[in-house]
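Scroll down for the structure; my scribbles are underneath it.
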Amino acid sequence: MTKHQKHAKLTLRENHNFAPNEITILGTKCGVISNLIQQITTLLPTYKMAYFDASHSKDVRISKLENYTFHHQGSVAITANIELNKFNQRILFSQYDCVFINGNHYKGDNQILILDKEKEASVLKRISQLTNVKFIVTLTKDTPLFDFLTEEYPQLKNLKKYHISDVEQIAAHINTLISEKIPSIKGLVLAGGKSTRMGTDKGMLNFYGKNQRDVAVELLEQHQLETFLSVRKNQEINYKNKIEDTFLGLGPFGAICSAFQKNPNVAWLVLATDLPFVNSKIIEQLLQQRNPSKIATTIKGKGKQFPEPLITIWEPKSYSILLNYLAQGYSCPRKVLINSDVEMVEVDDQFIRNVNTPEDFKNAYKEINEKNTSHT
């Protein structure tokens, strides 16, 4: 008898205790840890980073009030009364490239061990937390590994060691660790529109001797992207990699969310089929200027006011933001880009012209084929 599945089986976001990418620092005083993190983050300004720590105030009062103090430059200091559990913290930290954790209070996935003779007993107490130590930091040049460490984890003897003053080298090592966690990219060609204004499936329009749906797929595959077709439920399209809409009636917004529901751990390069002037150079420029620290890297015409959400790399961290907009009653991906921290790639307006009506198609077909004729 098949076991009853109470809830829908969804692909989980790759998370650790608190965040997709977390580094725990332990082994010395909290002040030393926070000071080191402050120096590291100053040297790595392109990343969004957070520090997760317990309050060290002896007069912490439990209050229903939550404090959000905003600086005029956009930073915010938050004092929040939130129950500590992995689900709440993952939501809070979903937008960060790396979350540092004070290991004197909380466990984390990756660890940096600081050797402090005064805290040997503290490390012994937390020895079970040392599951994935990346490197070791010493407070003095001659600080040896504690005997119990070499007995329990002999591999620690072979790890890279830095002195606490080697901040630039430590930051460079952490930069490498963050870079290794950058999500891969898959392609998503939007082929599920009803093409109401065109009166026929825009994906089947022929500008280049084949239907535009295949042209768009091949354009992304040229850049070594595994590419999927976004289609409506029960839409008859014979293609091996298809993602049917699970967010229904939301157009491109629903298609993007449906792709993230299928795989929330990759970035999706979204390309609509009504953009026949997009070429390989535009895709290459988008990929080269990708900034995974932002929620998206998007194309904008130099003469346009707003970005083009359907020629955009949507990062995994954008998924929760898209869902938040949906919860507020908005299903416009452009609105999300306009009001979020995104990387903007400016190109000539001519490359991002939409073809929405039979007249648009007639003019675009003539222009494309006149160019092709003149090049032969």
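The values are calculated or read from the model by the stated rules, or taken from the named source; none is laboratory data. What you see is a predicted model, and the numbers here were worked out from it, not measured in a lab. Virtual Cβ from ideal backbone geometry, glycine too; neighbours counted across all protein chains shown. Accessible surface is based on the protein model in full, side chains and every heavy atom, while ligands, DNA and RNA are left aside. Shrake-Rupley method; radii C 1.70, N 1.55, O 1.52, S 1.80 Å.
Each other residue within a Cβ distance under 10 Å of residue 136 adds +1 if Lys or Arg and -1 if Asp or Glu, for a net charge of +4. Straight-distance candidates among the lysines for linking to residue 233, with alpha-carbon spacing under 18 Å and chain neighbours fewer than 8 residues away dropped: 194, 202, 242, 262. Amide H contacts of residue 243 (H built 1.01 Å from N, in plane; Pro and chain starts excluded): 229, 230, 231 sit under 5 Å, all sequence-distant by 5 or more or on other chains.
Can you tell me the dipole magnitude for the chain around its Cα centre, using point charges on the Cβ only (Lys, Arg +1; Asp, Glu -1), in Debye to the nearest 20? Please list the in-between numbers first.
Values: 46 positive and 39 negative charges, 174 e Å.
I would put it at about 840 debye.
Which value results when the Cα radius of gyration for the chain is divided by 2.2 N^0.38 Å? This ratio for the chain stands at 1.20. Between the residues 113, 212, 313, the greatest Cα displacement towards the positive end of the dipole of the chain, with unit charges on the Cβ of Lys, Arg, Asp and Glu, is found for 212. Computed over segment 241-307, the P(r) curve from all C-alpha pair distances, binned at 5 Å from the origin, holds 3, 13, 21, 23, 22, 14, 4, 0 percent per bin. In the Gaussian network model of the chain, springs joining C-alpha atoms below 10 Å, which of 166, 142, 341 carries the largest mean-square fluctuation? With Cα springs under 10 Å in the chain, the top fluctuation among 166, 142, 341 is at 142. From most to least packed by mean Cβ count within 10 Å, the peptides 207-220, 113-126 give 207-220, 113-126. Our coupling estimate for segment 244-255, obtained by passing each phi through the Karplus curve with A = 6.51, B = -1.76, C = 1.60 and θ = phi - 60°, is 6, 4, 10, 9, 8, x, 10, x, x, 4, x, 5 Hz, Gly and Pro reported as x. Remark on residue 111: its backbone amide H falls under 5 Å from those of 24, 132, 133, 134, a criterion applied only to residues 5 or more positions apart or on other chains, H modelled at 1.01 Å from N. Enter the accessible area per residue of the chain (Å², integer; probe 1.4 Å; all protein chains in place). Accessible area per residue: 55 Å². Please find, in a Gaussian network model of the chain (springs between Cα atoms separated by less than 10 Å), the residue of 41, 312, 143 whose mean-square fluctuation is greatest. Among 41, 312, 143, the largest GNM mean-square fluctuation belongs to 143.
Under 19 Å of direct C-alpha separation, and excluding same-chain neighbours fewer than eight residues apart, residue 335 reaches these lysines: 294, 300, 302, 304, 317. Computed per residue of the chain from DSSP H runs no shorter than four, each worth -39500 (n - 2.57), the mean residue ellipticity at 222 nm is -8500 deg cm²/dmol.
For segment 257-262, the Karplus equation 6.51 cos²θ - 1.76 cosθ + 1.60, evaluated at θ = phi - 60°, returns couplings of 5, 5, 5, 5, 5, 5 Hz by residue, with Gly and Pro reported as x.
Considering only 15, 291, 234, the Gaussian network model of the chain with Cα springs below 10 Å gives its largest mean-square fluctuation to 234.
Computed from backbone phi with θ = phi - 60° and the Karplus coefficients 6.51, -1.76 and 1.60, the 3J(HN,Hα) list for segment 265-273 is 9, 10, 8, 10, 8, 9, 9, 7, 8 Hz; x is used for glycine and proline.
Taking a straight line from the alpha carbon of residue 141, these lysines sit under 29 Å away, with near neighbours fewer than eight places off in the same chain left out: 29, 107, 117, 119, 125, 157, 160, 161.
Think of segment 126-274 as having a plus end and a minus end, set by charges on the Cβ of Lys, Arg, Asp and Glu; of 127, 184, 162, 184 sits farthest toward the positive end of this dipole. For the peptides 84-92, 150-158, the ranking by packing is 84-92, 150-158, with the highest mean count of neighbouring Cβ atoms within 10 Å listed first. Taking the protein heavy atoms of the chain in the context of the full set of protein chains, the accessible area attributed to carbon and sulfur is 49 percent at 1.4 Å.
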